[in-house]
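Colleague: Mind having a look at this structure? Questions to follow.
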Amino acid sequence: MTGEKEIEEYLFGDLEQLHDPLLMKDMERAADLIAEKIREKKPIRIIGDYDIDGVTATYILLTGLKDLGADADVRIPDRIADGYGLNEHLVQFAADEGRDTIVTCDNGIAAGSQIRLAKELGMTVVVTDHHEVPFEEDENGERRYILPPADAVVNPKQKDCSYPFPGLCGAAVAWKLIQTMEAKAGIPKEHSFRFLEFVAIATIGDVMDLQGENRIIVKEGLRQLSATHTPGLRALIRANNLDGAEITAYHVGFVLGPCINASGRLDTAARSLELLCETNEEKAAELAGDLLALNQSRKAMTEKGKEEAIRLIEETGLNEDRVLVVYLPDCHESLAGIIAGRIREKYHKPVFVLT
């Protein structure tokens, strides 16, 4: 049953109602570990993800840690060359380059063997993630959760985590870590609100439930985004002819967000991160134009793949099947999921698209 308190929060929730980050399991440990590395001037490697949540989470960690004095750099996996998340060659690469510490964002909870390798190589590893914790089920249906052997695991979906709202995106978890570190450094919490527009973009782009904290983050973040001071976001808004408009969740989900995602699909997500980090207006405009062009290319390729799939289904009698399995040899693998979704909408059947 929904009480008056929940109704009040849903309709009128504000930043004062956001939960204390220290309620999250391992949050204090993670913050203290990284602060110690900053004091010791140890080099830190941030490893993110190539989608909108991963890119914004990476931006928040990189900017926040550098503002706190960290020697930090970034590696975002390449969708095709590296695949999702932390892999062993990214770990080895970080070790070979002398990075002392790995901090993950929007990935890492399932990277047990990769983190084991990092520990064997003498590295410190902090995981920040929001994905489900992997588990094994015994014959009685009892679940045994498997956490990676990291020095700290910050993820509100852990069973023994007391954080009241587990539905955060990866960027929100990364932001909570920066909030904690800034609070410990004596910085007023309002300073961390500079990242709210990025957390809002990630929350919408990663299709999180707009309840609880997410609703407050999106409401406040969109307000900030409409008058953003970030050159990269301003350039992206301008490139999409939204200058002066009130930016809504629709604009993030269907106009701006797909541009940020497009570079991780067809090129490298490092390009989107570069846009977010860019301080020069002219360079930002150029990068925003590149992302817009990539997204238009992605749309055209998706449409072509969808039409080819429909032609195959109609001409080969596949539409009689209860489950549609379509082989598109020329389809870019990052678009297969989008095309499968479009085919499902047309035929109302489960769909597999193979490339």
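The values are calculated or read from the model by the stated rules, or taken from the named source; none is laboratory data. Worth saying up front: this structure is predicted, and the values here are computed from it rather than measured. Glycine also receives a Cβ, built like all others from the backbone with ideal geometry; neighbour counts cover every protein chain displayed. These accessible areas exclude ligands, DNA and RNA; they are computed on the full protein's heavy atoms, side chains included. Shrake-Rupley method; radii C 1.70, N 1.55, O 1.52, S 1.80 Å.
Colleague: Longest exposed-loop-site-free stretch of the chain, with trypsin sites (Lys or Arg not before Pro), DSSP loop and at most 12 other Cβ within 10 Å?
Modeller: Values: sites that count: K41, K159, R322.
Longest run free of exposed loop sites: 160-321.
Colleague: Sticking with this one: For the chain, what does the helix formula give at 222 nm: sum of -39500 (n - 2.57) over DSSP H segments with n ≥ 4, over the residue count, nearest 500 deg cm²/dmol?
Modeller: Details: 13 runs with 171 residues, N = 355.
Taken over the chain, the calculation gives -15500 deg cm²/dmol.
Colleague: Count charges around T355 for me, please; just the other residues with Cβ under 10 Å from its Cβ, Lys/Arg as +1, Asp/Glu as -1. Kindly include the intermediate steps, with their values, before the conclusion.
Modeller: Numbers: positive: none; negative: D330, E333.
Its environment carries a net charge of -2.
Colleague: Sort V126, V325 by accessible area with a 1.4 Å probe, largest first. Provide the component values of the computation, followed by the final result.
Modeller: Details: V126 0, V325 75 Å².
The residues order as V325, V126, largest area first.
Colleague: Using DSSP loop states and a limit of at most 15 other Cβ atoms within 10 Å to flag GluC sites (Glu not before Pro), what is the longest stretch of the chain containing no flagged site?
Modeller: Values: sites that count: E40, E97, E132, E139, E142, E246.
Longest site-free region, per DSSP loop and neighbour criteria: 247-355.
Colleague: Follow-up. Take every DSSP beta bridge with both residues inside the chain and express the antiparallel ones as a percent of the total, to the nearest 5. Kindly include the intermediate steps, with their values, before the conclusion.
Modeller: Details: 3 of 23 bridges.
Looking only at bridges with both residues in the chain, the antiparallel portion is about 15 percent.
Colleague: Expressed as cubic angstrom per residue, what is the convex hull volume of the alpha carbon set of the chain? Provide the component values of the computation, followed by the final result.
Modeller: Values: hull volume 60.5 nm³, N = 355.
Given the Cα convex hull of the chain, per-residue volume reads 170 Å³.
Colleague: I want the local charge near E282. Using Cβ-Cβ distances under 15 Å, sum +1 for each Lys or Arg and -1 for each Asp or Glu among the other residues. Don't skip to the answer; put the middle values down first.
Modeller: Details: positive: R234, R238, K283; negative: E274, E278, E281, E286, D290.
That works out to -2.
Colleague: Quick query: amide H of L86 versus all other amide H atoms, modeled in the peptide plane; which residues come in under 5 Å with a sequence gap of 5 or more or a different chain?
Modeller: Under 5 Å from the amide H of L86: G108.
Colleague: Could you give me the ³J(HN,Hα) list for segment 125-138, computed from phi with Karplus coefficients 6.51, -1.76, 1.60 and θ = phi - 60°, whole Hz, x at Gly and Pro?
Modeller: 10, 10, 9, 10, 7, 9, 6, 4, 6, x, 8, 10, 10, 8
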